[in-house]
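Student: Got a structure for you, questions after.
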Amino acid sequence: MPVTLIRNIEKDLVYRLKDFFLTMQDFFLFGVRSFLTIPKIRRYWRDFLDQAKICGADSIPIVLVSAISIGSLLAIEVGNLLEDFGAKTMLGRSTSISVIRELGPLLMGLMLSARFGSRNGAELGAMKISEQIDALRAFGTDPIAKLVMPRLVAALIMFLPLTALSDFAGLYSAAYMAEHYHHLDPGIFWNSVYPRLALKDFVVGFAKAPVFAVIITLVSSFNGFSASGGTAGVGRSTIKGIVVSSGLVLIANFYVSKIVLENM
Amino acid sequence: MIELRNVSLKYGEKEILHSVSLTIEDNTIKAILGPSGVGKSTILKLMLGLMRPTSGQVFVDGVEISSLSEAELFPIRRKMGMVFQGNALFDSMTISQNLGFFLRENLNLPEEEILRRVQEQIRFAGLEGYEEQLPESLSGGMRKRVAIGRALIFKPHMILFDEPTAGLDPVSSKKILSLISSLRQHNNLGAVIVTHIIDDVFNVADCAAVLYKGEIIFDDAAPKLHESEHPFIRSILSDKILEL
Ligand SMILES: Nc1ncnc2c1ncn2[C@@H]1O[C@H](COP(=O)(O)OP(=O)(O)OP(=O)(O)O)[C@@H](O)[C@H]1O
Ligand SMILES: [Mg+2]
């Protein structure tokens, strides 16, 4: 009995591993094909513009909210901490680095994965189960070129200005809190921000944008494309897309910082 | 001409089609009958290369398609029009964009020519006034007519209908059937019609194939159905509608 049990577990494990690697292979090919179809962007210009609006302009509120909340929160908490050491004049430096390098991009990445990623996953999943993706193929159109590539290019481009916006809003809300909560002179705050900010701080922050764009778009679209099993299936694949892309955003956030900071 | 040769298809462990062979000649209308879930829609998808058989071969005009890459399949698919069971209209596009989709994607036609052909289809399908609506605001019968128009607009030489009359009222379904039979007279078009409804078979089809438990149990001229001894065929002839 235990032998068959072990054998069954082994069989199950092998099956799952095989399934996992096959999925990874499919995902890899999916990603490669999305990049290879970029030359067709002129043909799907309208789709690109629609997506640029969805992931760019329409994401402004959520990016602002997350940047402002992280900026103000950091200013308040770090300010309290620095006060204990009598080093409140350093507030600008410590918050600006967090906002620009780490927490700003990270929170933005998570928010966009929830917003842009979930939208992609649900929309493409619904198209998959209503056979619209098969219909595209039946009419001789490559669904990756028509549906995924415009989303990818839009995210690659639009995440950059969103990062700039997030930096700007985060810093200004930190400055506001420094002045009104900690009663720190704005001149002192900005003086500790500007001279110390180095190019690499911005490189770290802005390098994260395209990395997150690729992760969020490809993971959510891939999950949408593999949706099956009716409306509940769309729900499942959308959730899976968000969970996986959020996890990957967290991991990528760490590695981009590490790689850039070690090499600059 | 489309030919399936010894095609088998499995989903995981479950075998849906078992060594199915089927030929669809040009300029004929062939009906495919069978109970729900037997794999009729699957057969149409195999013919378009949307799915690949587990074993066996699929030929379209003499070309074996099951080993072709997706890019190589596109020119083959452009010879065929497909009306999906659930219509599969692009729900973010208007009716005229749906109708003009193939022309804009695949043919280098001037915009006026595209608009002219779209207008022609709109009139043909009786959808005047709905050009700029989204599919969601149309009735079931109208959507079906858009789906048919979308498949006809590029004048394919073979068209695959998946349940063109299911769920329609008798008037709409009569309209669609007469449309299908008129196509052959005017355009020399071959067609495959998947259906549940036995009357449709006698109304439009020249020949019929019956798929039952993964195998073809009948493949001959439609009137010969009456001569068959097979219990399943006898039951559908007496009940008129296939049991679910
Ligand atoms: N993605 C899938 N995964 C597993 N099984 C599937 C999948 N798609 C279809 N099937 C199975 O394949 C069989 C054939 O499906 P198909 O849609 O071709 O049937 P059908 O003859 O068109 O039925 P209906 O008349 O109800 O439309 C069904 O039993 C279905 O359960
Ligand atoms: Mg079907």
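Student: If the only charges are +1 at each Lys and Arg Cβ and -1 at each Asp and Glu Cβ, what is the size of the charge dipole of segment A:37-263 around the Cα centre, to the nearest 20 debye? Numbers along the way, then the final one.
Tutor: Numbers: 20 positive and 16 negative charges, 171 e Å.
Value, rounded to 20: 820 debye.
Student: Given a 1.4 angstrom probe, I'd like the percentage of the accessible area of segment A:37-263 that is carbon and sulfur, rounded to a whole number.
Tutor: Numbers: 6550 of 9630 Å².
It is 68 percent, rounded to a whole number.
Student: Would you check the accessible area of A:VAL211, probe 1.4 Å, heavy atoms only, in square angstrom rounded to 10?
Tutor: About 50 Å², rounded to the nearest 10.
Student: Same structure, new question: Can you list the residues of segment A:210-226 with backbone N under 14 Å from a point 7 Å past the Cα of A:LEU250, pointing along Cα to Cβ?
Tutor: none
Student: Along Cα→Cβ, 7 Å out, is where each label goes; now give me the distance between the ones at A:GLU83 and A:GLU179 in nm to one decimal.
Tutor: 1.9 nm
Student: Where in segment A:131-160 does accessible area fall by at least 10 Å² between the isolated chain and the complete protein assembly, at a 1.4 Å probe radius?
Tutor: The answer is A:GLU131, A:GLN132, A:ASP134, A:ALA135, A:LEU136, A:ARG137, A:ALA138, A:PHE139, A:GLY140, A:THR141, A:ASP142, A:LYS146.
Student: Related question: Over the Cα atoms of segment B:89-154, what Rg and Dmax result, in angstrom?
Tutor: Answer for segment B:89-154, Rg first and Dmax second: 10.7, 32 Å.
Student: Sticking with this structure for a sec: Report, in degrees rounded to the nearest 10, the 0 to 90 angle that the Cα long axis of helix A:199-225 makes with the longest principal axis of chain A.
Tutor: 30 degrees
Student: Counting Lys and Arg as +1 and Asp and Glu as -1, each charge on the Cβ, what is the dipole of segment A:61-166 about the Cα centre in debye, to the nearest 20?
Tutor: Values: 9 positive and 8 negative charges, 48 e Å.
Here segment A:61-166 has a charge dipole of around 240 debye.
Student: Also: Using label points projected 7 Å from each Cα along Cα→Cβ, tell me how many nm separate B:GLN57 and B:ASP91, to one decimal.
Tutor: Distance between label points: 4.1 nm.
Student: Another question, if that's okay. Hey, what number do you get for chain B at 222 nm if only DSSP H runs of n ≥ 4 count, each worth -39500 (n - 2.57), divided across all residues, to the nearest 500? Write out the running numbers ahead of the final one.
Tutor: Numbers: 8 runs with 90 residues, N = 244.
Result for chain B, helices only: -11000 deg cm²/dmol.
Student: Please work out the average accessible area per residue across the protein assembly as shown, using the 1.4 Å probe convention, and give it in Å². List each step's numbers first, then the result.
Tutor: Details: 23960 Å² over 508 residues.
Per-residue accessible area for the protein assembly as shown comes out at 47 Å².
Student: Additional query: If I take the Cα coordinates of chain B and project them onto the principal axes, what are the three extents in Å, biggest first?
Tutor: 54, 42, 33
Student: Accessible area, 1.4 Å probe, largest first: how do A:TRP45, A:TRP190 sort?
Tutor: A:TRP45, A:TRP190
Student: B:LYS45: which aspartates and glutamates have alpha carbons under 12 Å from its alpha carbon, excluding same-chain residues fewer than 8 sequence positions away?
Tutor: A:GLU131, A:ASP134, B:ASP162
Student: Which net charge results when you count Lys and Arg as +1 and Asp and Glu as -1 among the other residues whose beta-carbon is under 10 Å from that of B:SER96?
Tutor: Numbers: positive: none; negative: B:GLU131, B:GLU132.
Local net charge: -2.
Student: Something else now. Sort the following peptides by mean Cβ neighbour count (other Cβ atoms within 10 Å, averaged over residues), highest first: B:149-157, A:192-200, A:75-83.
Tutor: Details: B:149-157: 19.8, A:192-200: 14.1, A:75-83: 17.7.
So the order, starting with the most tightly packed, is B:149-157, A:75-83, A:192-200.
Student: Continuing with the same structure: Which residues in segment B:154-170 have a backbone N closer than 19 Å to a point placed 7 Å from the Cα of B:GLU120 along the Cα-to-Cβ line?
Tutor: B:154-159
Student: Quick check: pseudo-label points 7 Å beyond the Cα along Cα→Cβ at A:ALA114 and B:SER182, how many nm apart are they?
Tutor: 5.6 nm
Student: Something else about it: Work out the charge dipole of chain A with +1 on the Cβ of Lys and Arg and -1 on the Cβ of Asp and Glu about the Cα centre, then indicate which of A:PHE189, A:GLY140, A:ILE70 is farthest towards its positive end.
Tutor: In chain A, that residue is A:GLY140.
Student: Give the separation of the Cα centroids, segment B:200-222 to segment A:55-78, in Å.
Tutor: 64 Å
Student: At a Cα cut-off below 22 Å, give the lysines reachable from B:LYS175, other chains included and same-chain residues fewer than 8 away excluded.
Tutor: By straight Cα distance, B:LYS175 reaches B:LYS30, B:LYS144, B:LYS155, B:LYS240.
Student: Please report the base-10 log of the normalised intensity I(q)/I(0) for the protein assembly as shown, using a Debye sum with one equal scatterer per alpha carbon and no solvent, at each q in 0.05, 0.10, 0.11 (1/Å).
Tutor: After summing over all Cα pairs, the log10 values are -0.29, -0.87, -0.98.
Student: If you look for lysine pairs in chain A that are eight or more places apart or on different chains, how many of them have Cα atoms under 24 Å apart?
Tutor: For chain A, the number of qualifying lysine pairs is 14.
Student: Rank these residues by their accessible area, most exposed first, probe 1.4 Å: B:MET80, A:MET158.
Tutor: Result of the area sort, largest leading: A:MET158, B:MET80.
Student: Leaving out ligands, DNA and RNA but keeping every protein chain, what accessible area does A:ILE251 have, in Å² rounded to the nearest 10, with a 1.4 Å probe?
Tutor: Approximately 90 Å² of A:ILE251 is accessible to the 1.4 Å probe.
Student: Now for a different question. Compute the distance from the alpha-carbon center of segment B:1-48 to that of segment A:184-257, in whole Å.
Tutor: 45 Å
Student: Also, quick follow-up: If you put +1 on each Lys and Arg Cβ and -1 on each Asp and Glu Cβ, how big is the dipole of segment B:89-154 around its Cα centre, in Debye rounded to 20?
Tutor: Working: 8 positive and 10 negative charges, 64 e Å.
It works out to roughly 300 debye.
Student: Continuing with this model, one more query. For chain A, taking Cα atoms only, what is the radius of gyration to one decimal and the Dmax to the nearest whole Å?
Tutor: Both quantities, over Cα of chain A: 22.2, 77 Å.
Student: Also, I was wondering about something else. How much solvent-accessible surface does B:HIS186 expose, in Å² to the nearest 10, with a 1.4 Å probe and all protein chains in place?
Tutor: Accessible surface of B:HIS186 is approximately 140 Å².
Student: How far is helix A:2-36 tilted, in degrees, relative to the longest principal axis of the Cα atoms in chain A, given as a value from 0 to 90 rounded to the nearest 10?
Tutor: Result, in degrees: 70.
Student: Using alpha carbons only, how many degrees (0 to 90, rounded to 10) separate the axis of helix A:149-180 from the longest principal axis of chain A?
Tutor: Taking Cα atoms only, the helix is inclined about 30 degrees.
Student: Let me ask something else about it. With a 1.4 Å probe on protein heavy atoms only, work out how much accessible surface B and A bury together, total over both chains, in Å² to the nearest 100. Could the numbers behind the result be given before it?
Tutor: On the way: alone 11610 and 14060 Å², together 23960 Å².
Interface area, both chains combined: 1700 Å², rounded to the nearest 100.
The values are calculated or read from the model by the stated rules, or taken from the named source; none is laboratory data. From a predicted model like this one, the values you see are computed outputs, not experimental measurements. All Cβ positions, glycine included, derive from the backbone under ideal geometry; neighbour counts span all protein chains shown. What goes into the accessible areas is simple: the full protein's heavy atoms, side chains included, and nothing from ligands, DNA or RNA. Shrake-Rupley method; radii C 1.70, N 1.55, O 1.52, S 1.80 Å.
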